[in-house]
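These notes are about the structure you will find just below.
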Amino acid sequence: RNKKREEMSAAQSKSKDEKIIDIMNSSTSPFTSLEYYPPKTADGVTNLQSRIVRMLANTAPRFMDVTWGAGGSTSDTTLSLVRYIKSVGGVPNMHLTCTNMDPKLVRDALAECRKEGITNIVALRGDAPEGESEWHAAEGGFACALDLVKFIRSEYGSEFGISVAGYPEGHPNAIVSLQDGEAVSASERLRVSEATDENGNKRRYVCKDEAYAGEIKYLKEKVDAGADFVITQMFFDTDVFVQFVKDCRDAGIECPIVPGVMCINNYGGFFRMTGFCKTRVPANLKEDMEKLKDDSEGLKRFGVEFGVGFCERLVNAGCPCLHFYTLNLEKVVYGILDGMGWQPGLVSRTADGLDSDAATMKAAGSKWARKGDEVSTQYGKGVVENIREGGAGEIRITNWTLANGGIVKAYLGKGHFEKV
């Protein structure tokens, strides 16, 4: 009982952050927010903390998101970073996933936020392990983001501000491959993406109208359960966002809808992300990027040029906030805000080499190993080359050397390799 009183007293002594929905409602013009992810190494975390301080001073974001690795993989680092943002004068918005992990992690994280006066949460389901299509609720746990929104409201009332994810092109798991020559509706055409499959074949993908309507319906359920506003998944065609907002309004979703702006920093990362999420890349954008695939600095300059026009169109469409997916970097964000006139002269005021620590910004990522991750196995360390359905892994063993220069591969069942 005494311990409970001490916890309550400590919680009361912490100043509470302003809720983001209140910031939005009181703002007379659109503003900036930033998103970061927990880096994998201690050096990366230290460098990110320095970047957070710089970007807070240089861009005046009204809030800063920190992601939460699927399965709770980054829970400690995420909590540490949101505490740090608060300590240097920012308003943190902590992501919280809820499936495929011990529900105690969710309860502990919310209790820690309450104690620290951190009042803004992004309620998310979280990714399933690679090779699996199902999201599992642990015993006594949550099955989806809607469950998490309901839980926060039932346990904490209006104490937390809650945001949720929206998908202008449909959730990646609702996006399906089209057959050759398969017709699409006029509304589907706006969402059709193209990508190369694992066999090297070009395919078209889309969230069909019926599934898209289901996505909007589910989003409304999250808002009706207590979410204050929506932050969208990345997209690269402003017409897609405008249509998504209209569809939400037609469905009775009246809360603010914030566009997630993915910064274009490099060729490989861009196409990995858009491929993984099945995101539509307009033909002219793809063509421009192909021309610059071997020019890293030129691509960053293009990222700024594209971002300025993209963001100006979003502001003209009435968005309340530009939410930048920074990729833990700052140069492109600065260029966009300077080019828009939101932070005039910012580029000339800041030092060269701002993103020189990019190599330390590798994400800690999810709890589960994915393609390209380093893993430990009974045969030593290796790299995941493929994850098969059901979670079995094709692992290239890196600490074995064959006389003829051959590669050693191990095919291991789920649970027989672990992400390093």
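The values are calculated or read from the model by the stated rules, or taken from the named source; none is laboratory data. Remember, predicted model here, so these are calculated numbers, not experimental data. Note: ideal-geometry Cβ built from the backbone for every residue, glycine included; neighbour counts use all protein chains shown. Quick note on the areas: whole protein, heavy atoms, side chains included, nothing else; ligands and nucleic acids left out. Shrake-Rupley method; radii C 1.70, N 1.55, O 1.52, S 1.80 Å.
Of the accessible area of the chain, with the probe set at 1.4 angstrom, what percent is carbon plus sulfur? Walk me through the numbers before you get to the answer.
Numbers: 9450 of 19730 Å².
On the chain, the fraction of accessible area on carbon and sulfur atoms equals 48 percent.
Can you tell me the length gained on complete extension of the stretch Asp239 to Val53, counting 0.36 nm per residue apart and subtracting the Cα distance?
63.5 nm
Scan around Asp65 for amide H atoms under 5 Å from its own, H built in the peptide plane at 1.01 Å from N, and keep only partners 5 or more places away or cross-chain.
Placed amide hydrogens put Leu34, Glu35, Tyr36, Asn93 under 5 Å from Asp65.
Could you calculate the FRET efficiency of His416 with Ser29 from 1/(1 + (r/R0)^6), where r is the beta carbon distance between them and R0 is 60 Å, rounded to 0.05?
Between His416 and Ser29 the formula returns 0.65.
For the pair Arg313/Lys362, report the inter-label distance in nm, with labels modelled 7 Å from Cα in the Cβ direction.
For the pair Arg313/Lys362, the computed spacing is 3.6 nm.
Considering only protein heavy atoms, with the full assembly of protein chains and a 1.4 angstrom probe, order His416, His95 by accessible area, largest first.
Details: His416 110, His95 20 Å².
Order by accessible area, largest first: His416, His95.
Roughly how many Å² of Met55 are accessible to a 1.4 Å probe, to the nearest 10?
The accessible area comes out at roughly 0 Å².
Which is the longest run of the chain containing none of the GluC sites (Glu not before Pro) found in DSSP loop states (not H, G, I, E, B) with at most 16 other C-beta atoms within 10 Å?
On the way: sites that count: Glu18, Glu132, Glu134, Glu139, Glu159, Glu182, Glu198, Glu254, Glu389.
For GluC sites (Glu not before Pro) (loop position, at most 16 other Cβ atoms within 10 Å), the longest site-free span of the chain is 255-388.
How many Å² of accessible area per residue for the chain, probe 1.4 Å?
Result: 47 Å² of accessible area for each residue.
How far apart, in nanometres, would the label points at Asp224 and Ala211 be if each is projected 7 angstrom from Cα along the Cα-to-Cβ direction?
Reported label-point gap for Asp224 and Ala211 is 2.4 nm.
Which one of Val223, Gly307, Asn93 is farthest out on the positive end of the charge dipole of the chain, using unit charges on Cβ (Lys, Arg +1; Asp, Glu -1) and the Cα centre as origin?
Of Val223, Gly307, Asn93, it is Asn93.
With springs connecting C-alpha atoms under 10 Å apart, model the chain as a Gaussian network and identify which of Thr99, Thr67, Thr196 has the largest mean-square fluctuation.
Thr196
Select one label from (i) -0.73, -1.08; (ii) -0.84, -1.11; (iii) -0.63, -0.92: the one whose number is log10 I(q)/I(0) by the Debye sum over Cα atoms at q = 0.10, 0.12 Å⁻¹ as derived from the coordinates shown.
Checking each listed value against the structure points to (i).
Pairs of alpha-carbon atoms within less than 8 angstrom and 6+ residues apart define the contacts here; what relative contact order does the chain have, in percent?
On the way: 748 pairs, mean separation 74.0, N = 420.
Reported relative contact order: 18 percent.
Return the distance in nm (one decimal) between the two label points of a simple spin-label model at Asp102 and Asn386, each offset 7 Å from Cα along Cα→Cβ.
According to this spin-label approximation, the distance is 3.5 nm.
Considering only DSSP beta bridges whose two residues both sit in the chain, what percent are antiparallel, to the nearest 5?
Bridges in the chain that DSSP calls antiparallel: roughly 45 percent.
Taking R0 as 35 Å, what FRET efficiency do you get between Thr377 and Ser177 from their Cβ-Cβ distance, rounded to the nearest 0.05?
0.60
Given the rule -39500 (n - 2.57) for each run of at least 4 DSSP H residues, summed and divided by the residues of the chain, what is its mean residue ellipticity at 222 nm, to the nearest 500 deg cm²/dmol?
That comes out to -12000 deg cm²/dmol.
When the chain is modelled as a GNM with alpha-carbon springs shorter than 10 Å, which of Ala211, Ala123, Ala186 fluctuates the most?
Ala186
Helix hunt in the chain: which complete DSSP H runs extend at least 27 Å axially by C-alpha with mean Kyte-Doolittle at least -0.5?
Correct list, ordered by number: 296-316.
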